[in-house]
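The values are calculated or read from the model by the stated rules, or taken from the named source; none is laboratory data. Since the structure is predicted, the reported quantities are computational estimates derived from the model, not experimental observations. Positions of Cβ are backbone-derived with ideal geometry, glycine not excepted, and every protein chain shown enters the neighbour counts. Please note that ligands, DNA and RNA were not included when accessible areas were found on the heavy atoms of the full protein model with its side chains. Shrake-Rupley method; radii C 1.70, N 1.55, O 1.52, S 1.80 Å.
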Amino acid sequence: MNANYQSGVIADANSDALFVTLNVVEGSNRAVKQALAQSQGVIDAMKQQFSGQSLHAVIAIGSEYWPQISPLKRPLLLTNFPSVEGAVEMPITPADLLLHIRSDRHDITFELATRLIALFGSHVAIAEEVSCFRYLDSRDLTGFVDGTENPQGDHKKEVALVGEEDSDFEGGSYIHLQRYVHDLPKWHAQTLKAQEDMYGRTKADNIEYSSADKPLTAHTKRTSLKDDQGQSLEILRHSMPYGTLQESGLLFASYCRTPENFTLMLKSMVEGDGQGHGDRLMQFTTAVTGQAFFAPPLTWFKELG
Ligand code: HEM
């Protein structure tokens, strides 16, 4: 049997990505359903045309919009973006659809986005389009390597794809998206040691601090969580830097077989450990969007047709 997941969920990181969020124009649900049914054909054709450029796409449906497209069947755990309260705000800015397109050539990423947008035509309005790039050796704009502790190889599937626990949506994935705007002048005013303490990793050679050396406020301390059985809670991150000389930051994107892991991590970052230890990194960057989507398996698109 062919793999029943959208290739962009699992594929290795690329040098270029485009995240487009869309809202459906009122009265357009039927037309959008048709466009969704055709979308995988458009993606497949372009993948064949540009094979060798690692072109991948994910099309996902917003948690709030889901019932408009599929009122009878809903992924078991699909919930809205979590509301968390703490020293910093995490805004919730729902959108109906997400196109996450990536490749190793900006022109090819752009071309697939153009073709998909043409398919939806005037039935959607673009909420936001964020063009992302690999920065140096896969670093965030704060200068630290991002993605090191991501799951690797086949383990990515175990982390990111819904399994038998929800057989109607096996091969799907829960996505959380947040656009962060960095305050780089404030960041660069910190000493190297202060920056490294904030991640719990060294900057130049990307070495993890020992657990005992990590401050409770370090980003990797706050986000590396375990369940009651001592198993690591994991997500697959496809975050990438974006921006201009005037505004830049990280487009954070996580994929997971359950939305719960992201929620617990965000809570741990923002609400802290109950002893006042939140994620200090958040003093240097501001989330300006927050959305929850579900990327359905390929058969779901076929059944729409
Ligand atoms: C680790 C950057 C937001 C979850 C890291 C690392 C960097 C980084 C540089 C260390 C290397 C690595 O393992 O990838 C950022 C930046 C963020 C951000 C710049 C926002 C501006 C988030 C959010 C979450 C998250 C919102 C989840 C809610 C994680 C996890 C790890 C990690 C799970 C691996 C922790 C470990 O096991 O060591 N992040 N991150 N990050 N981040 Fe973030």
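Within the stretch 290-305, the set of residues being open to solvent by 20 Å² or more (accessible area, probe 1.4 Å) and not in a helix (DSSP H, G or I) comprises just one member, GLY305. Out of everything in the stretch 150-184 that is among the hydrophobic types (A, V, I, L, M, F, W, C) and within 14 Å of the ligand (Cβ to nearest atom), what residue ends up being farthest from ALA295 (Cα to Cα)? Looking at the filtered set, the residue picked out is LEU184. Tell me whether the stretch 71-78 contains one or more residues that are over 17 Å from PHE252 (Cβ atoms), in contact with a strand residue (DSSP E or B) (Cβ under 6 Å, 6 or more places away or on another chain) and outside any loop (DSSP other than H, G, I, E, B). Scanning the stretch 71-78, I find no residue that is over 17 Å from PHE252 (Cβ atoms), in contact with a strand residue (DSSP E or B) (Cβ under 6 Å, 6 or more places away or on another chain) and outside any loop (DSSP other than H, G, I, E, B), so the answer is no.
Elements of the type helices (runs of 4 or more DSSP H) sitting completely within the stretch 137-250 and holding at least 3 residues that are farther than 23 Å from HIS277 by Cα and not acidic (Asp, Glu): these cover 155-160. Report yes if THR286 is of a type in the set (Ser, Thr, Tyr), open to solvent by 60 Å² or more (accessible area, probe 1.4 Å) and either within 28 Å of LEU18 (Cβ to Cβ) or within 9 Å of the ligand (Cβ to nearest atom) (or both), otherwise no. Against the criterion (of a type in the set (Ser, Thr, Tyr), open to solvent by 60 Å² or more (accessible area, probe 1.4 Å) and either within 28 Å of LEU18 (Cβ to Cβ) or within 9 Å of the ligand (Cβ to nearest atom) (or both)), THR286 qualifies. Annotation note: of GLN53, GLN34, the sole residue that is over 23 Å from the mean Cα position of the chain (by Cα) and either touching a residue at least 12 places away in the same chain (Cβ under 8 Å) or part of a helix (DSSP H, G or I) (or both) is GLN34. All of SER254, SER211, SER239 fail the test of being under 24 Å from ASP137 (Cα atoms), within 11 Å of the ligand (Cβ to nearest atom) and open to solvent by 20 Å² or more (accessible area, probe 1.4 Å), apart from SER239.
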